[in-house]
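Below is one structure; the comments refer to it alone.
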Amino acid sequence: MTGHEQVLQRMRLANPAPSSDPEELAAVLSVIEEKRDAIPTAATSLSKGPSRQIAGRVWYRRPAAVVAFAALGVCAVIIPIAVFAGGGSDTVSDPSPTAPSTTIAAPTVATAPLTWERVHDQNAFTDAAIVAVTTGGPGLVAVGEADEEALPDEYRGDVAVWVSADGTAWERVHDPSFTGEPDSSCTTLSLYQGVWRMASGPLGIVAVGRDACNGAVWISEDGRTWDEVIDDDWLGNPVAVEGGVTAGGPGWVAVGGDGHGNGAIWASDNGVDWTASPDSDLLAPTGSRVDLLDVTTGGPGLVAVGSTGFIGTGSEQSAIWVSTDGFDWEKLPDDTIDHGALFRIARDETSDRLMAFSRPTVTMGQWMTWTSSDGINWSPVASPGKFIDGVVWNDDRLVAAGLVSTDGGATWTDISSDLPELDRSYTMRDVTGFGDQIVIVGYQLGAAGQAGWGTAGGSTAAIWIGERAAE
């Protein structure tokens, strides 16, 4: 039995068919085995889930509660998040001989081009930088950093939130949860607060980041009113939940590290109480480390990606973990993807196809894309030619913040020249789908940020909206 077959067997045993009749159970398992290669396993939708309105806006510092309903269906909501730092050639060529050979022949799709419009500058964008965006609240919710001297002191934290109903007019939200306070034990940190990723789902919106020395998340039901959560597991570890978050498992699943070189995964049914997975596959061997860099629904239920070894050295190796419920995780064999760290993963909600993105290594000098229909068996697609920190599926195309593919990721075209009022001083950081539109967010870095005084100082937030051109 191969390593992949052993994983499949363990996943089936961990999530058996709902029958008490031995003969019926055997028949069901037989059908699953026969159809496994023809019909990929997909995460089921969570039609409804627990909802909790938190009274008051306070800090939460409580032990992670044990969540006692691992049999809940896995939520199939995924908000793919993309981050990109400008630059690159107009058209990306095929991978060089040093990269893994392409084994998937992607279909050629006739796709209407996107036309792009720059959202006009407004007061909410001044001295600000947007780093992540998702659907939710009144329509769209974005997070980042801001520095507004005109605001009262209680609203001058580093974390900032914007909301919009249509993607064109934006309002900056002022909430006491975003008032970072100095911490004398964190003198090496130039910012008191920071956010990296966000996701939305049936339970609302979650943004993950740090507050001084501690990992932190902020939760909201409407994008306007927020509560900050700091779990005991994140105290003294500012990069605890830096990997990412997705709506899945019991409600939410976040990935990151424990501050000591080990990977870490947490699950929560309400965004407030988080339980860390005890899985030994997340522990780093002596003299090595494990990094969890992203997570999504898909495959057996959830798929997390990252790396083992030290990134940027000869020990770096891509790594994948799968789970049916968000609590129990199984690491796939090391040779599943033989490349560098997998830093982002995205799922197409229409086909359940997964696409992951890996960085070059010392011996394999190409950025690469990989695809899977079940989260367990993976194949190389091609090289995008440069860094892609995520992607959003838009019907028959893949759009990143700066790149687009119309053939399943086999080739990528730089769209920077299509974005109005874009030059090298701008950084594109995230992308999301919004109905039939694509929204890219980022910022123009100001002089203060260039001098190392913080990203928001003197910067201007920027947003572009793409629509299908009239045929």
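The values are calculated or read from the model by the stated rules, or taken from the named source; none is laboratory data. Treat the numbers as computed from the prediction; the structure is a model and nothing was measured. Methodologically, a virtual Cβ is constructed for each residue, glycine included, from the backbone with ideal geometry; neighbour enumeration extends over all protein chains shown.
Scan the range 215-225 residue by residue and report those that are of a type outside the set (Val, Ile, Thr) and either buried (at least 24 other Cβ atoms within 10 Å of the Cβ) or not assigned by TED's automatic domain parsing to the domain that holds residue 165 (or both).
215, 216, 218, 220, 223
Scanning the range 382-399 for residues that are modelled with pLDDT of 90 or more and farther than 24 Å from residue 197 by Cβ yields 382, 383.
Return a yes/no flag: does the range 151-158 have any residue that is in contact with a His (Cβ under 6 Å, 6 or more places away or on another chain) and either modelled with pLDDT under 90 or part of a loop (DSSP other than H, G, I, E, B) (or both). For the range 151-158, residues in contact with a His (Cβ under 6 Å, 6 or more places away or on another chain) and either modelled with pLDDT under 90 or part of a loop (DSSP other than H, G, I, E, B) (or both): present.
Remark: pairs (first residue in the range 448-471, more than 21 Å from residue 415 (Cβ to Cβ); second residue at pLDDT below 80 and part of a strand (DSSP E or B); Cβ separation under 6 Å; 6+ apart in sequence or on different chains) are absent. Using the structure shown, decide if residue 418 is buried (at least 19 other Cβ atoms within 10 Å of the Cβ), under 29 Å from residue 139 (Cβ atoms) and either outside the structural domain of residue 353 (by TED's automatic domain parsing) or touching a residue at least 12 places away in the same chain (Cβ under 8 Å) (or both). No: the conditions fail for residue 418.
Restricting attention to the range 239-249, does a residue exist that is surrounded by fewer than 19 Cβ atoms within 10 Å (Cβ to Cβ) and either at pLDDT 95 or above or within 18 Å of residue 211 (Cβ to Cβ) (or both)? Yes, the conditions are met somewhere in the range 239-249.
The residue that is surrounded by the most Cβ atoms within 10 Å (Cβ to Cβ), among those in the range 441-468 that are at pLDDT 90 or above and hydrophobic (A, V, I, L, M, F, W, C), is 461.
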